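Trainee: Here you go, one structure.
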Amino acid sequence: MAAGLTDKVAIVTGASRGIGRATALALAAEGANVVVNYARSRTAADEVVATIADTAGSAIALQADVSDAEQVDSLIKATMDKWGRIDVLVNNAGITRDTLLLRMKPEDWQAVIDLNLSGVFLCTRAASKIMLKQRSGRIINIASVAGLMGNPGQANYSAAKAGVIGFTKTVAKEMATRSVTVNAVAPGFIKTDMTEDLSNTEDILKYIPLGRYGEAEEVAGLIRFLASDPAAAYITGQVLTIDGGMVM
Ligand code: NAP
């Protein structure tokens, strides 16, 4: 364990599957107590907690729709009741509702903005109250290369992720004096349920210099680094792409 996370408390939103699941496992392997947040996949979240327990780690599953302010407040309260502090917040929960702009319904737009952008605001606001009092903390927001480059069919998603990037930089400036760092990770195409149904894989691979999709564990490794102490203590307000070289 070299990440300085022993006995620290980490909340990972959307940790039942995909990148969030891999992140919860990676942080727990470094000795962190991990909140495995989920919305619907209770069995999957319980499996993540059981996997962590099997390796003598410490985790609890907490259900909350992080686009809902009251549920976010309950998530933070339950974490504080259990462990009394919050050192790391990984704002990972996200959805897609892909379609071209002219076919995009207002509800497709709103659902993606509500979770992928407003959810990041709600969780960050609630957890940062604790971190500012502690005078320490790490907030890691999962953006996307779509927020940097745009992507046809993802006007809602790209707008939300670009919003997350602007939010990250502003909050990093607001919190720096209390030693709370705020960074964004912008993955490219990662093998998870979210990308499982993409039909144009061959076309996509043409735009990835490394010639393959990334693994959730590779993104989790970057998130673990940003959470690590003191290794990442002097990094704030940054957007780190992890995309096989798509954006360079
Ligand atoms: P995923 O496999 O589809 O998993 C999504 C996770 O979000 C699940 O754990 C899900 O929980 C949770 N979630 C959904 N709605 C929620 C809500 N309202 N409240 C709380 N949790 C909720 O997705 P992923 O590919 O790992 O993506 C994780 C993050 O990385 C997202 O922010 C995504 O935009 C970003 N990202 C992914 C890629 C990629 O290629 N995969 C690329 C760039 C960025 P339930 O299982 O309970 O529904």
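Trainee: Taking Cα pairs under 8 Å and at least six residues apart, what relative contact order does the chain come out at, in percent? Before the final figure, lay out the partial values.
Mentor: Details: 515 pairs, mean separation 50.1, N = 248.
This gives 20 percent for the chain.
Trainee: Can you pull the percent of segment 109-236's accessible area that's carbon plus sulfur, 1.4 Å probe, other chains left in place? List each step's numbers first, then the result.
Mentor: Details: 3340 of 6010 Å².
Answer for segment 109-236 is 56 percent, counting heavy atoms of protein chains only.
Trainee: Assigning unit charges at the beta carbon (Lys, Arg +1; Asp, Glu -1) and nothing else, what dipole magnitude in debye, to the nearest 20, does segment 1-124 show about its Cα centre?
Mentor: Working: 11 positive and 15 negative charges, 33 e Å.
So the dipole magnitude of segment 1-124 works out to roughly 160 debye.
Trainee: Taking Cα atoms, how many degrees apart are the long axis of helix 119-134 and the longest axis of the chain, rounded to 10 and kept between 0 and 90?
Mentor: 30 degrees
Trainee: Where in segment 106-184 are there trypsin sites (Lys or Arg not before Pro) that are in a DSSP coil and have at most 16 other Cβ atoms within 10 angstrom of their Cβ? Walk me through the intermediate numbers first.
Mentor: Details: sites: 125, 129, 133, 135, 138, 161, 169, 173, 178; in loops: 135.
The qualifying sites are 135.
Trainee: Where only protein heavy atoms count, and the probe is 1.4 Å, what is the accessible area per residue for the chain in Å²?
Mentor: On the way: 11790 Å² over 248 residues.
Computed with neighbouring chains in place, this is 48 Å² per residue.
Trainee: How much FRET efficiency would the formula 1/(1 + (r/R0)^6) give for residue 178 and residue 47, where r is the Cβ-Cβ distance and R0 is 35 Å, rounded to 0.05?
Mentor: Numbers: r = 36 Å, r/R0 = 1.03.
The pair residue 178/residue 47 has a calculated efficiency of 0.45.
Trainee: Of the heavy-atom accessible surface of segment 50-91 (probe 1.4 angstrom), what whole percent is carbon and sulfur? Let's see the in-between values first.
Mentor: Working: 920 of 2020 Å².
After summing per-atom areas, the C and S share lands at 46 percent.
Trainee: For a distance above 23 Å, tell me the whole-number percent of Cα pairs in segment 60-202 that qualify.
Mentor: Numbers: 3866 of 10153 pairs.
That tail contains 38 percent of the Cα-Cα pairs.
Trainee: Could you work out the helix-only [θ] at 222 nm for the chain, with each DSSP H run of four or more residues adding -39,500 (n - 2.57) and the total divided by the number of residues, to the nearest 500 deg cm²/dmol? Walk me through the numbers on the way to the answer.
Mentor: Values: 10 runs with 111 residues, N = 248.
So the calculated ellipticity at 222 nm is -13500 deg cm²/dmol.
Trainee: Apply the Karplus parameterisation 6.51 cos²θ - 1.76 cosθ + 1.60, with θ equal to phi minus 60°, to every residue of segment 199-204 and state each ³J(HN,Hα) to the nearest whole Hz, in sequence, with x for glycine and proline.
Mentor: 8, 9, 4, 4, 5, 4
Trainee: Over every pair of different alpha-carbon atoms in the chain, take the mean of 1/r and invert it; report that Kirkwood radius in Å.
Mentor: Working: mean 1/r = 0.0559 Å⁻¹.
After inverting the pairwise mean of 1/r, the radius is 17.9 Å.
Trainee: Just the accessible area for residue 74, please: 1.4 Å probe, Å², rounded to the nearest 10?
Mentor: Result for residue 74: roughly 70 Å² accessible.
Trainee: Right, something else. Dipole size in debye (nearest 20) for segment 9-242 around its Cα centre, Lys and Arg Cβ +1, Asp and Glu Cβ -1? Before the final figure, lay out each step's value.
Mentor: Details: 23 positive and 24 negative charges, 160 e Å.
Rounded to the nearest 20 debye, it is 760 debye.
Trainee: Out of 110, 16, 238, whose Cα points farthest toward the positive end of the dipole of segment 9-242 (charges: +1 Lys, Arg; -1 Asp, Glu; placed on Cβ)?
Mentor: Of the candidates, 238 comes out farthest on the positive side.
Trainee: Only four residue types carry charge here, +1 at the Cβ of Lys and Arg and -1 at the Cβ of Asp and Glu. Report the dipole size of segment 191-248 about the Cα centre in Debye, rounded to the nearest 20. Could you put the intermediate results ahead of the total?
Mentor: Values: 4 positive and 10 negative charges, 53 e Å.
Dipole about the Cα centre, nearest 20: 260 debye.
Trainee: Output wanted: per-residue J couplings in Hz (rounded whole) for segment 171-178, from phi through Karplus 6.51 cos²θ - 1.76 cosθ + 1.60, θ = phi - 60°, x for Gly and Pro.
Mentor: 5, 4, 5, 5, 9, 4, 5, 9
Trainee: In addition: Roll a 1.4 Å probe over the protein heavy atoms and report the accessible area of residue 149 in Å², nearest 10.
Mentor: 110 Å²
The values are calculated or read from the model by the stated rules, or taken from the named source; none is laboratory data. What you see is a predicted model, and the numbers here were worked out from it, not measured in a lab. Virtual Cβ from ideal backbone geometry, glycine too; neighbours counted across all protein chains shown. Side chains are part of the model used for accessible areas, which takes the heavy atoms of the whole protein and leaves out ligands, DNA and RNA. Shrake-Rupley method; radii C 1.70, N 1.55, O 1.52, S 1.80 Å.
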